[in-house]
1. When the helix-only estimate is applied to chain A (DSSP H runs of n ≥ 4, each -39,500 (n - 2.57), divided by the residue count), what is the mean residue ellipticity at 222 nm, nearest 500 deg cm²/dmol?
2. Could you compute the net charge surrounding B:Cys12? Neighbours are other residues with a C-beta less than 11 Å from the C-beta of B:Cys12; K and R count +1, D and E count -1.
3. I want the local charge near A:Pro220. Using Cβ-Cβ distances under 11 Å, sum +1 for each Lys or Arg and -1 for each Asp or Glu among the other residues.
4. Where Lys and Arg each count +1 and Asp and Glu each count -1, what net charge lies around A:Gly243 among other residues with Cβ under 10 Å from its Cβ?
5. Based on other C-beta atoms within 10 Å, arrange A:Asp136, A:Asp339, B:Asp60 from fewest to most.
6. Assign unit charges at the C-beta atoms only (+1 for Lys and Arg, -1 for Asp and Glu), then state the dipole size of the stretch A:4-307 relative to its Cα centre in Debye, rounded to the nearest 20.
7. Could you please rank A:Met125, A:Met249, B:Met17, placing first whichever residue has the fewest other Cβ atoms within 10 Å of its Cβ?
8. Within 10 Å, at most 11 other Cβ atoms, and a DSSP state outside H, G, I, E, B define an exposed site. Report the longest part of chain A free of exposed trypsin sites (Lys or Arg not before Pro).
Amino acid sequence: MNISLLLEMAAEAAGDRVGLVCDGKRWTYAELLAAARGAFELIEQSRAQYVALLDESSEASVIALFGAALAGVPYCPLNYRLADEDLAALLDRIAPALVIGDEDRVARIAGDQGHTVLTRADFAMKAQELVPGDEDRAYDPGEGIAVQLFTSGTTAAPKAAILRHSNLLGYILGTVEFASAEEESAALVVVPPYHIAGISALMSSIYANRRIVMLPAFTPEAWLALVESEKVTNAFVVPTMLGRIIDAMDRGTQADVSSLRALAYGGGKMPIEVITKALQRFPHAGFTNAYGLTETSSTIALLGPEDHRAALASDDPKVRARLTSLGQAIPTVEIEIRDEDGRVLPTGEAGEIFVRGDQVSGEYKEKSALVEGGWFPTRDAGFIDEDGYIFLSGRADDVIVRGGENMSPGEIEDVLLTHPAIADACACAVPSVEWGEAVGVALVTRDGHETPSEQELKELVRARLRSSRVPERVAFVGELPYNEMGKLLRREVKKLLAD
Amino acid sequence: MKPGTRLKSAACDTEVMVIKCGSGTIECGGVPMGEAKPAEAAVLSSDFSGGTLMGKRYVDASGAFELLCVKPGKGSLAVDGTALVTKDAKPLPASD
């Protein structure tokens, strides 16, 4: 089965309904499908082996996703924020491709790789003009790869994760009821097109017949203005975006956000003060924390609106703590925690998070990472409490091993963040002659506070955790390094602390 | 039959996409479905005239068959004379 089915069904059932709003232009499902079919012709003519997008979100990301699917060519949106050298290396791995977007840049950095390049406007225009006639086209049956995404490479060189039509359809058909969105509902999509959440948002909205309102370049002011003008009902943001939206509201940016009924977030750790403020700023919205990975076709665990409300209203520290959890596994996947030897761990014990289900690909172009029984080792570390709530403690690779004792950066950071003068914290391993590894921390002092003494912070950790957790190195920095999705770049902090 | 095969009803407008397929004959409106529509429409059995709904998934009790309705019609779906039932998606609270 081909993911193009999602758009075909929307066009069949509600062809005249507006499916996408971008830069003021409105597209019906019938127009989007016609353009995707035109894109199929363009892709066939180009003889490309991949369809790449090197651009912000726009109608082109919808047309290219489904056009590539019809042609049976993997769609590969690229991160335009990468440095020239890194981007050229990725382009080389997918040559020859039909590249949509920054023509000049491709010519400059990958001019000799055999790509066909079209600007966003040219691609959309040609795709609309090339609508095929009535004769049956041989569209791809969808037995292969629909999407290829290069991982962000926070720990190593980017890997080419592949998502098959069956993975993506498994996710959508299992979690979205067809045409279930009310006529007035609208989803604000602001996640970059090269992120899995950006792709799954397009597919789930189209299948639910929920109008997509696209914001190509995020600013908190533009986001708030679109919520008001398009009466947006659903939105997904990464934690850094939500923080900036709330800052803008605090600074006095006015917008009517009463239409917003569902606000989902994910993609990184949400600071507790941001989510607490957000719950006050958006009183009409239900909040959902979505946890997922590229390799799992997006969401595998959720902390839903009810959980948020219950956690906030509770005096029980265990229930309150759920505000910082990933929620529970969605019904269509299985999740378990295993130790280093692959043994399944009981409730409450920390280890690596494993997942399986139709939507889980766990496959890279080079090799599959799946282990026996179709389980995917996420490399995320965490534990599950007795009610099935999953708590993340960091990447498995981030675990600090001090003299044979494993400790997760998260628990040390959480303690340090309780200090009123600490605004942000990152713990990671630093080399230690005595222990192999020891704890190093990089800290950001909160504005208006004096930097606390090292001794005071060490005492704080000693009092709350075991003495082995006490940081051996403490460094104060202006800010911690995050990527544009709000992911903390631990390897950079590690480098900084090692120097 | 391969997943992804599109089957048409001989008795009504129903079309389905095969998601999972065991052994047995897939029927709509009481008559076998096929990849092509017969020249002359078959008679819709009154026992299988409950209708199909666009976007619904239909399964048998054993879980061997799963069909996605991609075009609705007046007939209802069955395998070897046993009616299929709908399988609901487990909608998430709009996570993306």
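1. Result for chain A, helices only: -10000 deg cm²/dmol.
2. Net of charged neighbours comes to +2.
3. -1
4. Its environment carries a net charge of 0.
5. A:Asp136, A:Asp339, B:Asp60
6. The dipole magnitude comes to about 660 debye.
7. Going from least to most buried by this count: A:Met125, A:Met249, B:Met17.
8. A:82-250
Readers should treat all values here as calculations from the given coordinates under stated rules, not as data from a laboratory. Predicted model only: the values in this text are computed from it and were never measured. Every residue, glycine as well, gets a Cβ built from its backbone with ideal geometry; the counts of neighbours run over all protein chains shown.
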